[in-house]
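Chemist: I'd like to ask some things about the structure below.
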């Protein structure tokens with residue numbers, strides 16, 4: 001991902017280890033890289049915004065019946 005953002009290979013690792021700080025521009029690039037909105041990144045109600053976005057992209061490729069079936073599975077898993 002670092003290279004995709006135009007940074008060195010160790011860029012993300014340095015941020016994770018507190019050896020570098022993330023600029024706002026880099027933050028927006030990361031959000032764009034994962035196709036998530038900046039507000040979703042900080043939303044504590046969303047436990048995994050990247051995965052949720054990927055699931056939504058996949059759901060958009062299904063027809064209404066398939067989406068309904070997935071919804072029933074999700075409801076059953078919540079019990």
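Chemist: Over the Cα atoms of the chain, compute the convex hull volume and normalise it per residue, giving Å³.
Modeler: Details: hull volume 9.9 nm³, N = 79.
Value for the chain: 125 Å³ per residue.
Chemist: Nearest 10 degrees is fine. How inclined is helix 64-78 to the longest principal axis of the chain, computing both from alpha carbons?
Modeler: Around 80 degrees separate the two axes.
Chemist: Still on this structure, please answer the following. Report, to the nearest 10°, how far helix 24-33 tilts away from the longest principal axis of the Cα atoms in the chain, using its own Cα long axis and a range of 0 to 90°.
Modeler: 40
Chemist: Please give the length that would be gained between residue 14 and residue 73 if that part of the chain were fully extended, namely 0.36 nm times their separation in residues minus their C-alpha to C-alpha distance (nm, one decimal). Each step should come with its number before you reach the end.
Modeler: Working: separation 59, 0.36 × 59 = 21.24 nm, distance 4.01 nm.
17.2 nm is the gain from fully extending residue 14 to residue 73.
Chemist: Could you work out how far helix 49-59 tilts from the main Cα principal axis of the chain, as a 0 to 90 degree angle to the nearest 10?
Modeler: It is inclined by approximately 40 degrees.
Chemist: Using the basic label-point model (7 angstrom from Cα toward the beta carbon), what is the residue 4 to residue 61 distance in nanometres?
Modeler: In this crude spin-label approximation the distance works out to 1.6 nm.
Computed from the coordinates by the stated procedures, all read-outs in this text should not be read as laboratory data. Keep in mind that this is a model prediction, so the values were computed, not measured. Virtual Cβ from ideal backbone geometry, glycine too; neighbours counted across all protein chains shown.
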